[in-house]
1. When the residues of region 22-38 are filtered to those that are in contact (Cβ under 8 Å) with a residue 40 or more places away in the chain and buried (at least 16 other Cβ atoms within 10 Å of the Cβ), which remaining residue is farthest from SER83 (Cα to Cα)?
2. Can you pull out every residue in region 1-32 that is in a loop (DSSP other than H, G, I, E, B) and out of contact with any helix residue (DSSP H, G or I) (no Cβ under 8 Å at 6 or more places or on another chain)?
3. Kindly list the number of the only condition in (1) over 28 Å from LYS105 (Cβ atoms); (2) in contact with a Pro (Cβ under 8 Å, 6 or more places away or on another chain) that fails for GLU89.
4. Would you please name the residue that is nearest to MET1 (Cα to Cα), looking only at residues in region 39-49 that are free of Cβ contacts under 8 Å to residues at least 40 places away in the same chain and not in a loop (DSSP other than H, G, I, E, B)?
Amino acid sequence: MPYINSTLTVKVTDEKKEIIKSKLGEIITEIPGKSEEWLMVGFKDDHTLFFRGERKEKAAFVEIKIFGTTDKKYKEVITSKVSILIEEELNIPKDSIYITFEEVKDWGWNGSMF
């Protein structure tokens with residue numbers, strides 16, 4: 001079960017959220033065994049972000065959590081594709097997009113553990 005949460009300085013329309021959500025569903029398949037079927041996506045838009053003491057007008061912080069582990073090569077591909085997606089859809093430059101990955105050992109759903 002992957003989860004992708006984006007904290008964004010810009011306001012995002014529902015239409016853009018749908019586009020980004022769908023494209024993230026395609027991107028997550030870069031990790032073997034992951035699919036849009038189990039993908040959860042969240043947006044925190046119109047959010048204030050500071051970096052190096054300065055307020056960023058256009059920036060994104062994207063957290064990607066996956067159940068289990070994966071090779072760094074897949075994370076690199078996803079980082080590139082997510083950065084391109086955010087830049088193209090929201091006009092946030094790649095040098096203002098920060099992405100973290102968390103590999104989760106224990107994940108619960110539907111009242112029990114995977």
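1. Of all residues in region 22-38, those in contact (Cβ under 8 Å) with a residue 40 or more places away in the chain come to 23-24, 27-28, 30-32.
After this cut, where a residue has to be buried (at least 16 other Cβ atoms within 10 Å of the Cβ) as well, the list is 23-24, 27-28, 30-31.
Numbers: LYS23: 12, LEU24: 11, ILE27: 11, ILE28: 13, GLU30: 14, ILE31: 16 Å.
Applying the filter and picking the extreme gives ILE31.
2. THR9, LYS11, THR13
3. With respect to (1) over 28 Å from LYS105 (Cβ atoms); (2) in contact with a Pro (Cβ under 8 Å, 6 or more places away or on another chain), GLU89 is out only on (2).
4. The first filter runs over region 39-49 and keeps only residues free of Cβ contacts under 8 Å to residues at least 40 places away in the same chain, leaving 39-46, 48.
Now narrow it down to the ones that are not in a loop (DSSP other than H, G, I, E, B): 40-44.
Values: MET40: 8, VAL41: 11, GLY42: 14, PHE43: 17, LYS44: 20 Å.
Selected residue: MET40.
Each value in this text was obtained by applying a stated rule to the coordinates, not by laboratory testing. As the structure is a computational prediction, the values presented were derived from the model and not from experiment. Every residue, glycine as well, gets a Cβ built from its backbone with ideal geometry; the counts of neighbours run over all protein chains shown.
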